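Below is one structure, written out as structure tokens; the observations come after it.
The values are calculated or read from the model by the stated rules, or taken from the named source; none is laboratory data. Source: prediction; values computed, not measured. Note that we place each Cβ from the backbone using ideal geometry, even for glycine, and neighbour counts take in every protein chain shown.
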Amino acid sequence: MEAFRRSMSGLHTWAGVVCSALLFAMFWMGTLSVFDREIDQWMKPQLRLSPDVAADAPASLDRTLQPLLAELGDRSALYIYLPKEREPTLRVGYDDAETWTVRHLDPATGAELTGPDSLAGTGFIFPFHFSFHISWVGLGYWIAGFLAMAMLALLASGIIIHRKIFAEFFTFRPDRKARRATLDLHNMTSLVALPFHVMLPLTGLFIFFSIYLPWSIALPFGGDTEAFFDEMYGTKTVEAAGETAPMASLDTMLAIAEARWRARDPDGTVRPDVIELHRWGDANARVSVQQVFPARAIAMRRQTITFDGVTGAILSEYTAPPVRTAHAWLAGLHFIQFDHWVLRWLYFFGGLTGCAMIATGLLFWLRSRVSRRRGADARFWAMQATTVASVTGIILATGAFLVANRLLPEDASFLGEDRAALEVWVFAMTWVAALQHAVLRQAAAWGEQCWVIAGFALAAACLNAATTGDHPLAAGAAGLWSVASLDLALLATAVVAGLAARRMGGSTSRHTRSPTVAVANTNPEPAE
Amino acid sequence: MATTRPLLLALRIVIVIVGGYALMAGFAGLGGMGLARIGMAGSEAVLLAAMLSFPLYLGVILWGFHERSLRRIALTIFGSAAVSVAFALALAPPAATG
């Protein structure tokens, strides 16, 4: 067992040093993605509809969608997302020359909600989390998958090397030397949410299984991956007939679907929420009415009814078979699309705990390198700068992203980049600047970047009030709970970051300030 | 760690990560084909096998960084990968045309 602990200790250290910076980025963006739709509403004020108002409006889909459908025509796939509490708009998504395009309509009037363009939560933060926005040959997905496996290896090896797991659950000695306290915090944040930390990378891998195992899944289908997906999701790709035909009523199809599902599930929480239109306007048109995001269940996308677009007759019905249901349930644990505010906030704080786990792991490694009489060499300075940039750096870059969103004019354009892209440039350049700052200032950068985070968070909240008038009191009065909560969260972040900055400014670790001081102050520490 | 020389470590990393991935794909393929052959629907079979292959990969990683002998991990990992891929291909229907 001792030899196993030693080898796992080596694996844990090596994998941690190599992967932690990117893992923190994944965890940070993933944590924010819990509230990606709320961030959308904050960053795109045109989407700020009160969920109470949207719920009251009985929307005739035929009427509200007619102008947009006339414009978009017979694409192979158009996705209509019906309004729900976290996203009170009617959303239409489609591929426009390989680019995923999203448009929002007011569900009551059908008017398109236009305004300053922004990738916001669902367009920037959420995809960053699983692909780092690297789309070249799908490399981003593979990096995410590699990191997910690394995370599982880190968790497994971390559990194996612990001698006193139960004691460590409750051990936090902040009064002891910084290195011991850091390790205590690392152990505690790992253990207190361990099932959560294990579940997320594993279910993340399950979600992308078709990307990582393309050969294996196509084997029983003679190499035809399309056939695999058609069987798994109960869909069939549709070819255009080439002749136009009048389309049947979407409202009728929705009502039929709802009645059939309710008959099978009298508790009545099964409602259609996504409609796929295939070749709308063509004689071969198909309409798939799906229940993808159940309100009170975890498993996603289990019911689909496909209608003929011209006659409105039911062509096929699909209910997910057992393994697919289990997979959908496990994926649903990761996607958290169900309606449950308590759980959603728990996921958020669990994610923050994961971020703390990764950050304290890196910090502990940094402190160990110095105290083991190796002193601080160039590799140490590089690693310390990388750590600061990976932790406080990406957080303050996110703050800059929010501030830029409030400051950039609607028609902003620079060197050919549109407004949404410019916001991303601000994020990227701020992150680079944070790295440069960390290289120059080393340990002092921690406190200084915390001040910047506090500043950006406060500025973002104030700018929201100044530019949209939806400060927390006004937003609350209008029923815009997501906007009010985000502003309050930003203010809380400013306070926490400010307190952290003050604490760090007063006691910059002697171990990490400069080489000579570090060596002079090194005490022999018991081996961990 | 079982070795101190950087080159051997790099080799171990490649064997474990690349070979382990090949083994995972082979296991998912063989498992999926096997389950499909005994009557499970194709999509169900590969889905189950695919999900099980991830914990398998984790096990390979842990073992691969513990076992001292590079030769043993290379033979075991690549050997198992080759065998599972071969059997999966043997069981699979011929490739669809077009």
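Miscellaneous remarks
- Extreme residue, farthest from residue A:228 (Cα to Cα), among residues of region B:34-62 that are more than 7 Å from chain A (Cβ to nearest Cβ) and out of contact with any Leu (no Cβ under 9 Å at 6 or more places or on another chain): B:59
- Residue identified as more than 11 Å from every other protein chain (Cβ to nearest Cβ) and either in contact with an Asp or Glu (Cβ under 6 Å, 6 or more places away or on another chain) or touching a residue at least 40 places away in the same chain (Cβ under 8 Å) (or both) among B:11, B:30: B:11
- Test: residue B:41 is crowded, with 20+ Cβ neighbours inside 10 Å, aliphatic (A, V, I, L, M) and out of contact with any His (no Cβ under 9 Å at 6 or more places or on another chain): no
- Scope region A:127-166; condition touching a Ser or Thr at 6+ places or on another chain (Cβ under 7 Å) and in contact (Cβ under 8 Å) with a residue 12 or more places away in the chain; matching residues: A:129, A:141, A:144, A:158, A:161
- The listed residue being small (Gly, Ala, Ser) and surrounded by 22 or more Cβ atoms within 10 Å (Cβ to Cβ), out of B:86, B:82, B:50, B:90: B:50
- Breaking point among (1) under 20 Å from residue A:80 (Cβ atoms); (2) without any contact (Cβ under 8 Å) to a residue 40 or more places away in the chain; (3) not β-branched (Val, Ile, Thr), for residue A:263: (1)
- Qualifying residue in region A:27-48 (condition: closer than 30 Å to residue B:66 by Cβ and among the aromatic types (Phe, Trp, Tyr)): yes
- Whether a residue is buried (at least 22 other Cβ atoms within 10 Å of the Cβ), within 10 Å of chain A (Cβ to nearest Cβ) and over 27 Å from residue A:327 (Cβ atoms) was assessed, and residue B:65 passes this test.
- In this entry, residue A:299 passes the filter for residues that are in a loop (DSSP other than H, G, I, E, B), small (Gly, Ala, Ser) and within 14 Å of chain B (Cβ to nearest Cβ).
- Listed here are the helices (runs of 4 or more DSSP H) enclosed by region A:411-508 that have at least 2 residues being among the aliphatic types (A, V, I, L, M), in contact with a Phe, Trp or Tyr (Cβ under 7 Å, 6 or more places away or on another chain) and closer than 23 Å to residue A:124 by Cβ: A:419-441, A:481-506.
- Per the conditions (1) of a type outside the set (Phe, Trp, Tyr); (2) in contact with a strand residue (DSSP E or B) (Cβ under 8 Å, 6 or more places away or on another chain); (3) in a helix (DSSP H, G or I), the sole criterion not satisfied by residue A:242 is (3).
- Of all residues in region A:1-37 being of a type in the set (D, E, K, R) and more than 13 Å from chain B (Cβ to nearest Cβ), the one that is nearest to residue A:398 (Cα to Cα): A:36
- Scanning region A:193-238 for residues being away from every other protein chain (no Cβ under 14 Å) and modelled with pLDDT under 90 gives a total of 1.
- Selection over region A:245-270 of residues that are assigned to a loop (DSSP other than H, G, I, E, B), surrounded by 17 or more Cβ atoms within 10 Å (Cβ to Cβ) and at pLDDT 85 or above gives a count of 2.
- Scanning region A:322-355 for residues that are farther than 18 Å from residue A:489 by Cα and either touching a Cys at 6+ places or on another chain (Cβ under 6 Å) or among the small types (Gly, Ala, Ser) (or both) turns up A:326, A:328, A:331, A:332, A:354.
- Verdict on residue B:43 being more than 30 Å from residue A:318 (Cα to Cα) and among the polar types (S, T, N, Q): no
- Each residue in region B:14-27 was checked for being buried (at least 17 other Cβ atoms within 10 Å of the Cβ) and either away from chain A (no Cβ under 11 Å) or touching an Asp or Glu at 6+ places or on another chain (Cβ under 9 Å) (or both), and 3 of them qualify.
- Residue tally, condition within 13 Å of chain B (Cβ to nearest Cβ) and over 13 Å from residue A:233 (Cβ atoms), over region A:312-329: 4
- Check on residue A:306, away from every other protein chain (no Cβ under 14 Å), in a loop (DSSP other than H, G, I, E, B) and in contact (Cβ under 8 Å) with a residue 40 or more places away in the chain: no
- Residue that is closer than 26 Å to residue A:467 by Cα and of a type in the set (A, V, I, L, M), where the choices are A:143, A:161, A:125, A:134: A:125
- Counting the residues of region A:101-146 that are part of a loop (DSSP other than H, G, I, E, B) and within 30 Å of residue A:65 (Cα to Cα) gives 13.
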